[in-house]
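Below you'll find the structure, written out as structure tokens, and then a few comments.
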Amino acid sequence: MAQSILTQALLSEQTVILVSGMTCLVMPALMVVYRATRETYPGFGLWALAFVSNGVGSLLLGAQLFLPVWLSLWLGNVLIVAFPALLSVGLNVFIERPARWRSYGLSLLLYAVLQGVFVYYNTDIRLRSVVFSAFVFSYVALFGWNVYEHLPRVLGKRDYLALTVIGATIAIPVLRFGNILLESSYQNPVTFQNVDIIFIMMMVLASVAMVVATISMNQQRLEFDLRQLSEALEEKSAALETLNSQLKTASLTDFLTGLGNRRFFDEEYKTAWKRSIEEQTPLTVLLLDVDCFKLYNDSLGHLAGDDCLKRIGQVLMAYPGFRNSLVARIGGEEFAVVMENPADEALAQAEQLVSMVQHLSIPHPSSSVGPSVTVSIGVASRDANDTNPSKVLSRADHALYHAKSSGRNRALAA
């Protein structure tokens with residue numbers, strides 16, 4: 001009777017192992033479906049292969065009544081031990097570390113030799129379990145260490161789900177080994193076999209959880225890489241916007257004086273004109289020209305001429321009356337100012353500016369006006385009949401012509 005019960009228990013264990021094998025073979029199928037629908041990283045295929053190895057090994061052990069001992073016990077155990085080894089190799093590839101094929105291959109070869117010796121000499125199950133647990137524990141421990149220490153580099157954080165699954169996977173074989181050691185304390189073999197079956201089922205559940213963990217690792221890395229890519233794109237976009245802004249500023253700035261250039265003046269003058277029309281505010285244009293500037297360049301050179309223009313530009317930028325005005329260099333030695341002031345106020349500002357430039361005392365040995373650099377300014381304001389901004393510029397230019405023809409070094413209004 002006891003022998004019959006024991007036989008039933010053994011058959012029950014083999015049934016569980018067979019179901020475990022079939023379950024483990026479903027896992028890589030799920031991983032293949034995942035791989036077909038999601039982007040996966042190197043190493044994911046090795047993880048799928050690990051579950052195939054575990055499933056086939058479990059099927060071989062479960063079918064030991066129908067297969068030769070060397071095929072079921074020897075190869076079955078080797079394939080099951082290869083499961084955590086392949087997981088570890090796959091993880092190394094996944095985290096871009098050396099795969100260590102040689103180390104894992106030699107250790108698996110050692111286990112295969114030991115297992116062959118155990119099967120050939122029908123060694124006691126306790127010794128076989130100790131060696132089996134030692135190899136499994138070593139591989140899973142290495143797997144767990146790499147998950148803890150190196151995985152955060154590619155995930156951006158620690159994967160506590162994987163660590164929990166690994167902890168359970170380590171604990172279950174240890175507990176099962178403890179159950180084997182306590183076999184003599186059980187009242188009958190059936191109780192021992194039933195407890196052992198529970199641990200086998202727990203190992204199957206741990207394998208299923210490991211599939212979830214590996215898929216989770218791949219998904220977390222994908223999300224982390226996408227997040228990094230998004231952040232990098234945002235940084236590049238911000239840098240590009242800054243560069244575009246700088247280029248736009250450079251395209252609107254006179255490189256010599258730092259004032260707005262002719263393009264800047266044309267755009268801003270149209271805006272100022274439109275605002276003056278809409279709000280019915282005064283608009284006055286000052287056109288400034290450096291007197292006898294060609295002679296200045298001929299006598300002192302173009303570098304001195306550039307320095308002269310820079311100093312006049314500095315006066316225009318620093319002049320308090322032009323703080324809210326449009327100031328630009330619109331030609332070689334010609335500057336323009338657009339003010340929201342009446343003509344009389346603008347003319348007074350222009351006359352003061354003429355005096356300020358003369359007091360810079362920039363030597364001009366070829367000037368017909370005096371010993372230093374001087375400027376002439378034409379002033380014109382928008383009147384009610386003006387419908388085109390170019391008319392005001394034309395009148396200012398006409399006033400500048402009269403200022404130069406009447407002796408230079410002065411400001412005249414149109």
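The values are calculated or read from the model by the stated rules, or taken from the named source; none is laboratory data. Just so it is clear, the structure is predicted and the values come from calculations on it, not from any experiment. Every residue, glycine among them, receives a Cβ derived from its backbone with ideal geometry; neighbour counts consider all protein chains shown. Protein only, heavy atoms only, side chains kept; ligands, DNA and RNA dropped before computing areas. Shrake-Rupley method; radii C 1.70, N 1.55, O 1.52, S 1.80 Å.
Between the range 149-165 and the range 194-211, how many Å separate their Cα centres?
23 Å
Would you mind calculating the gained length between residue 101 and residue 388 on full extension (0.36 nm times residue separation, minus the Cα-Cα distance), in nm to one decimal? Could you put the intermediate results ahead of the total?
Details: separation 287, 0.36 × 287 = 103.32 nm, distance 8.20 nm.
Difference between extended and current length: 95.1 nm.
Short version: ³J(HN,Hα) in whole Hz for each residue of the range 260-277, in order, from phi by Karplus 6.51 cos²θ - 1.76 cosθ + 1.60 (θ = phi - 60°), x for Gly and Pro, what are they?
x, 8, 5, 5, 4, 4, 4, 5, 6, 5, 4, 5, 5, 4, 4, 5, 5, 5
So, R0 is 51 Å and r is the distance between the beta-carbons of residue 64 and residue 154; what FRET efficiency does that work out to, to 0.05? Don't skip to the answer; put the middle values down first.
Working: r = 41 Å, r/R0 = 0.80.
Computed FRET efficiency for residue 64 and residue 154: 0.80.
Could I have the simple spin-label model distance between residue 194 and residue 274, label points 7 Å from Cα toward Cβ, reported in nm to one decimal?
With each label point 7 Å from Cα toward Cβ, the separation is 9.0 nm.
Would you mind telling me the antiparallel percentage of the DSSP bridges in the chain, rounded to 5?
Numbers: 19 of 23 bridges.
Among the beta bridges of the chain, antiparallel pairing accounts for roughly 85 percent.
Please report the projected area of the range 300-414's Cα convex hull averaged over all directions, in nm². Spell out each step's value before the answer.
Numbers: hull surface 28.5 nm².
Its Cα hull, projected and averaged over all orientations, spans 7.1 nm².
Ranked from highest to lowest mean number of other Cβ atoms within 10 Å per residue, what is the order of the peptides 257-264, 204-211, 62-69?
Peptide ranking by packing, descending: 204-211, 257-264, 62-69.
Enumerate the calculated ³J(HN,Hα) couplings along the range 207-221 in order (Karplus 6.51 cos²θ - 1.76 cosθ + 1.60, θ = phi - 60°), each rounded to whole Hz, writing x wherever the residue is Gly or Pro.
My calculation for the range 207-221 gives 5, 4, 5, 5, 4, 4, 5, 5, 5, 5, 4, 4, 5, 5, 5 Hz in order.
Which percent of the accessible heavy-atom area of the chain goes to carbon and sulfur, probe 1.4 angstrom? Show your work: numbers first, answer last.
Working: 13130 of 21360 Å².
Here carbon and sulfur together make up 61 percent of the probe-accessible area.
Considering only the other residues whose Cβ falls under 13 Å of the Cβ of residue 341, what net charge follows from Lys and Arg at +1 and Asp and Glu at -1? Intermediate values should be presented prior to the final figure.
Numbers: positive: 323, 382; negative: 340, 344, 345.
After counting each charged neighbour, the total is -1.
Helix-only estimate, please: 222 nm mean residue ellipticity of the chain, summing -39500 (n - 2.57) across DSSP H runs of length 4 or more and dividing by its residues, to the nearest 500.
Numbers: 13 runs with 284 residues, N = 414.
My calculation for the chain gives -24000 deg cm²/dmol from helical runs alone.
Enumerate the calculated ³J(HN,Hα) couplings along the range 366-382 in order (Karplus 6.51 cos²θ - 1.76 cosθ + 1.60, θ = phi - 60°), each rounded to whole Hz, writing x wherever the residue is Gly or Pro.
9, 6, 8, 8, x, x, 10, 5, 10, 10, 10, 10, x, 10, 8, 10, 6
Quick check: residue separation of residue 240 and residue 256 times 0.36 nm, minus the Cα distance between them. What number comes out in nm?
Numbers: separation 16, 0.36 × 16 = 5.76 nm, distance 2.55 nm.
So the chain would gain 3.2 nm between residue 240 and residue 256.
Please calculate how many Å² of accessible area the range 291-414 carries per residue, with a 1.4 Å probe and no DNA, RNA or ligand atoms counted.
Values: 6060 Å² over 124 residues.
Dividing the accessible area of the range 291-414 by its residue count gives 49 Å².
What does the accessible area per residue of the range 120-228 come to in Å², with a 1.4 Å probe and no ligands, DNA or RNA counted?
Details: 5610 Å² over 109 residues.
Spelled out: the 1.4 Å probe surface of the range 120-228, per residue, equals 52 Å².
For every other residue with a beta carbon closer than 12 angstrom to the beta carbon of residue 132, add +1 if it is Lys or Arg and -1 if Asp or Glu, then tell me the sum. Walk me through the numbers before you get to the answer.
On the way: positive: 126, 128, 176; negative: none.
Net charge in that neighbourhood comes out at +3.
Please give the peptides 399-406, 266-273, 182-189 ranked by average Cβ packing (other Cβ atoms within 10 Å per residue), highest first, as a rough proxy for protection. Don't jump to the answer; show the numbers that get you there.
Numbers: 399-406: 18.0, 266-273: 15.8, 182-189: 11.0.
Descending mean neighbour count gives 399-406, 266-273, 182-189.
First select every other residue whose beta carbon is under 11 angstrom from the beta carbon of residue 325; then total the charges, Lys and Arg +1, Asp and Glu -1.
On the way: positive: 323; negative: 268, 340.
Neighbour charge sum, excluding residue 325 itself: -1.
Looking at the range 265-414, what % of its DSSP beta bridges pair antiparallel, to the nearest 5?
Taking every DSSP beta bridge within the range 265-414, about 85 percent pair in antiparallel fashion.
When ranked by the protection proxy of mean other Cβ atoms within 10 Å per residue, highest first, what sequence do the peptides 36-47, 235-246 form?
Details: 36-47: 16.4, 235-246: 10.3.
Order by mean packing, descending: 36-47, 235-246.
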